[in-house]
1. Mind counting the residues in the range 9-27 that are open to solvent by less than 20 Å² (accessible area, probe 1.4 Å) and out of contact with any Leu (no Cβ under 8 Å at 6 or more places or on another chain)?
2. Write out, first by first residue and then by second, each pair whose Cβ atoms fall under 7 Å of each other, whose residues are 6+ apart or on separate chains, and whose first residue, in the range 185-203, is within 19 Å of A227 (Cβ to Cβ) while the second is assigned to a helix (DSSP H, G or I) and open to solvent by 60 Å² or more (accessible area, probe 1.4 Å).
3. Checking Q291 against (1) closer than 30 Å to D151 by Cα; (2) in contact (Cβ under 8 Å) with a residue 12 or more places away in the chain, which test does it fail?
4. Using the structure shown, decide if L280 is assigned to a helix (DSSP H, G or I) and either over 32 Å from the mean Cα position of the chain (by Cα) or crowded, with 19+ Cβ neighbours inside 10 Å (or both).
5. If you go through the range 247-288 one residue at a time, how many are of a type in the set (D, E) and touching a residue at least 24 places away in the same chain (Cβ under 8 Å)?
6. Given the residues L6, L12, L61, L24, which is the only one that is within 29 Å of the chain's Cα centre (by Cα) and either closer than 30 Å to V182 by Cα or modelled with pLDDT of 60 or more (or both)?
7. Kindly indicate the residue of the range 1-40 that is part of a helix (DSSP H, G or I) and basic (K, R) and also farthest from G58 (Cα to Cα) among those meeting that condition.
Amino acid sequence: MRAARLIRMVLLLQSRPAMTAAELAHELQVSERTVTRDAQALSEAGIPVYSERGRAGGYRLVGGYRTGLTGLARDEAEALFLSGLPSALREMGLADAASAARLKVSAALLPSLRDASAGAARRFHLDAPGWYQEPVTPELLPAVAEAVWDDRTMRAHYRRAGRDTEVERELAPYGLVLKAGVWYLCARAEEDFRVYRIDRFTAVTVSDTRFVRDDSFDLPAFWDARAAQFARSLLRAEVTLRLSEAGVRRLPHAVDRVAARNALEGAGAPGADGWVTVTLPVESLDVAFGQLLALGPELEVLEPATLRGRFAAAAEALHSLYVRP
């Protein structure tokens, strides 16, 4: 533990002209007294670390000193590719590996390029979770991530959606996906590839056995195909609508975008009033009522009659609410 901290301290000082004890303590998550002891230990080991007092003081390396400890370990190299996802790295337990990798890369760069990572961080940040929801990190995510990174098989207890019973599965974990703040595992179970929500795992045991990864497996392509299949499976009902020009523009923002696009592409020419008639697949009539009500007077429901009746009742209730004295 201390050896890793001392290496980080050297890399930090190599990547910057000077750092105060407070800055080093913050980066290394130790006390300033520990920083002082570590600097002394490095000096005794032959690393030319020295300190300067005063307002512009701090710890420095003797000019020109370069360490040879900049080779990336495998976990650091892999984590480096995820360095734009700080929250995801923390949740998977890879924050330390990514931090060490960034330090090694920074230390290996020319002095004129060492601020490149900071410049990128100031200009780009990915916030994966959606609005109006508090993301919750699954308790078993670090264990699942460990299995994914090491290609180790895992035995998992999984609670299926809408059921109280659990199933036990022997899985070859191929990849992790973070979708709108929810973590998913893409894994091979027997001979099939499946998708599991990690927050539905109730127990995970990572084995010492490594599985042979199928190099033809394409995680982004697999996820896109399964996500599209899942979205289609939800659309079990159909409604017929008339839409104004404003309604046409707003429909993709109220319902499934793919379903809206397909419905609009299959619509006929606008009528004399400029309104368009479309047939839209929806998850259910209850879901459609909540989604389509947002379009207000820019939409008229034609079929089915039960949904049209609900819109008529809602319109009557709104009318009575707003025209009363």
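1. 1
2. Hits for this filter: V195/R226.
3. (1) is the only condition that Q291 fails.
4. no
5. 2
6. Selected residue: L12, the only one of L6, L12, L61, L24 that is within 29 Å of the chain's Cα centre (by Cα) and either closer than 30 Å to V182 by Cα or modelled with pLDDT of 60 or more (or both).
7. The selected residue is R2.
The values are calculated or read from the model by the stated rules, or taken from the named source; none is laboratory data. Quick caveat, the model's predicted, so the values are computed rather than measured. We place every Cβ from the backbone using ideal geometry, glycine too, and count neighbours over all the protein chains shown. Side chains are part of the model used for accessible areas, which takes the heavy atoms of the whole protein and leaves out ligands, DNA and RNA. Shrake-Rupley method; radii C 1.70, N 1.55, O 1.52, S 1.80 Å.
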